[in-house]
Amino acid sequence: MSPTSSPAHAAGPVPGSSLSAARRTRELAKTVGGAEVDVLVVGLGATGAGAALDAAARGLTVAAIDAHDLAFGTSRWSSKLIHGGLRYLASGQLDVAHESAVERGVLMERTAPHLVAAQPFVLPLTPLVPRAQAALAWAGFRAGDTLRLAARTARATLPRPRRLSTAETRHLAPALRTDGLRGGLLSWDGRLTDDARLVTALARTAAARGARILTRVRALELTGSGARVRDELTGEEGEIRARAVINASGVWAGELIDGIRIRPSRGTHLVLRAERLGSLPAGLHIPIPGETNRFVLVLPQGDGRVYVGLTDEPVDGPVPDVPEVPETDIGFLLDVLGSVLDAPVHRDDVVGAFAGLRPLLDTTPEGSGEPSRTADISRRHAVLTSPDGVVTVVGGKLTTYRRMAEDAVDAAVTARRLQAGSSPTATLPLVGAAAPARLAALAAPARLVRRYGTEAEAVQTLGAHDARGQEPVLPGHPVTRAELLWAVRHEGALDAADLLDRRTRIGLVPEDRAEALRTADEILGEALAGQN
């Protein structure tokens, strides 16, 4: 089914998709110590939620657990980009590049056009970009357009790259330094409204297909026939029995299955107030000095904030729940940003920062030494099956989560001889998806449509029913009280951190988070009381 045939559900949430504390309690009681499910998925990032949807869409019974929340790990710390694979093309990974371009098209045109839109980027041709490097970049953008064509993504979805005059470059990026500027290169890629919202949509779409989505349930031990788990809210332990088990826990995958070596790579982003850089109709590609194929990205978010990222640094030692951002990363990003701006951005202008850990598979032989840089490790994903039958999926990129999930479920179906057909997820619309014309006709603000798709009208109506529902959670930020209430009632938010850090991204700026916390606690208390 295409988004054009997705039914309307403006009066409320998509039937069967609502996640709530009450639903969690009911389904947890049925699952732990209950009847065997066909597939148990561990991890509810993009790949894990995608695997839960893939298995449920094939008619299998599914339980999916996470020790924390939806999108708690790497999936919420991305650049929010749905890449077309240009970087992989430049490094000779043609299969990875093509796969990325195909999956970008799937998201933009079929499964999530409400969440993924075309994003323009300007590469300013400053004196720091030699003409030879500019020519190489232009050739790369043209090759990227060829990838788009090979992936059968429409020209209307992603416009062609083109050269910009100096005046056009300044119009799209007024903060640029004009001295020596000789124009720019305009390219396009896919951009998510919010990566955590993609995961939420995946989990809810899976739930509508019957999957049990269980957050705050930690896997203590995995075997090919299930898991020993602990309810992190009560401390109670028990067993979930399953015919097949998929380990999609990302950077923590090696902690659950022996023999899997993950080499985490830290990707850091800065958060700036949008007024600091002025009007930004487009994002920026800023070449990193000394690198031929790496850039710092400037990413306007449409919510009064701008992200600047990202780094690619190896991380040693235990994997933290939430990675810290070192000052060295902040200094590096500010230095590269300052190389093209008319007025430099200072450390005091950085109102927030976040880092994600890429779950790169370490394939170097034992004792042979590590690769010199995590940037040089392939982004291909891998599906590995342990001797007792646990299927682990690691590596990859956010863009290719659907293909990773499909491959993992294929492996589980084969290994455990489950009765299931092929994956339908390449044409399965996520909650809220619809054709662009249908989305444009919705009687709701464009900002809500970009976040909730066809459910935007229901969110808007929820706000209208409450005298304060359409008030912003905090001054200067667009998120309303109704959105927090919706998150508790329909998106499985269980505490204030779920609301501020994942269902919305208010928490990316600590000052904003502190100001919004009281309102979040108030709404959470009222909503949870209504479920009892």
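Values for this structure:
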{"read-out": "222 nm mean residue ellipticity, helices alone, for the chain (DSSP H n ≥ 4; -39,500 (n - 2.57); rounded to 500)", "value": "-9500 deg cm²/dmol"}
{"read-out": "Calculated from backbone phi, Karplus (6.51, -1.76, 1.60) coupling profile of the stretch 214-220 in Hz, x at Gly/Pro", "value": "10, 7, 6, 10, 9, 7, 8"}
{"read-out": "5 angstrom amide H check on residue 114, placed H, neighbours 5+ away", "value": "434"}
{"read-out": "Fully extended contour minus Cα-Cα distance, from residue 348 to residue 274, at 0.36 nm per residue", "value": "25.2 nm"}
{"read-out": "Computed lengthening from residue 139 to residue 511, 0.36 nm per intervening residue step minus Cα-Cα distance", "value": "129.6 nm"}
{"read-out": "13 Å beta-carbon shell around residue 258, net charge (K/R +1, D/E -1)", "value": "-2"}
{"read-out": "Within the stretch 442-531: Cβ-based charge dipole about Cα centre, in debye rounded to nearest 20 (Lys, Arg +1; Asp, Glu -1)", "value": "280 debye"}
{"read-out": "Pairwise centroid distance, computed over Cα atoms, of the stretch 29-76 with the stretch 459-532, Å", "value": "25 Å"}
{"read-out": "Residue 233/residue 152 FRET efficiency (R0 56 Å; Cβ-Cβ; nearest 0.05)", "value": "0.75"}
{"read-out": "121, 295 arranged by Cβ crowding within 10 Å, fewest neighbours leading", "value": "295, 121"}
{"read-out": "Which of 169, 259, 330, positive extreme of dipole for the chain (C-beta unit charges)", "value": "169"}
{"read-out": "Derived scalar couplings ³J(HN,Hα) [the stretch 292-305; Karplus, 6.51 cos²θ - 1.76 cosθ + 1.60; whole Hz; x for Gly, Pro]", "value": "9, 9, 10, 9, 8, 9, 10, 10, x, 9, x, 10, x, 10"}
{"read-out": "DSSP bridge pairs, the chain: antiparallel proportion in percent, nearest 5", "value": "75 percent"}
{"read-out": "Difference of contour (0.36 nm per residue) and Cα-Cα distance, residue 25 to residue 419", "value": "138.9 nm"}
{"read-out": "Measure of compaction for the stretch 1-125 (Cα Rg per 2.2 N^0.38 Å)", "value": "1.32"}
{"read-out": "Cα-projected label distance for residue 531 with residue 160, points at 7 Å along beta-carbon direction, nm", "value": "5.2 nm"}
{"read-out": "Nonlocal amide H pairs with residue 72, under 5 Å, H built at 1.01 Å", "value": "none"}
{"read-out": "Normalised per residue, the volume of the convex hull around the Cα set of the stretch 442-531 (Å³)", "value": "90 Å³"}
{"read-out": "For residue 360, residues with placed amide H under 5 Å, excluding near neighbours", "value": "263, 265"}
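Computed from the coordinates by the stated procedures, all read-outs in this text should not be read as laboratory data. This one's a predicted model, so the numbers in the text were calculated from it and none came from an experiment. No Cβ is skipped: glycine too gets one built from the backbone with ideal geometry, and neighbour counts run over all protein chains shown.
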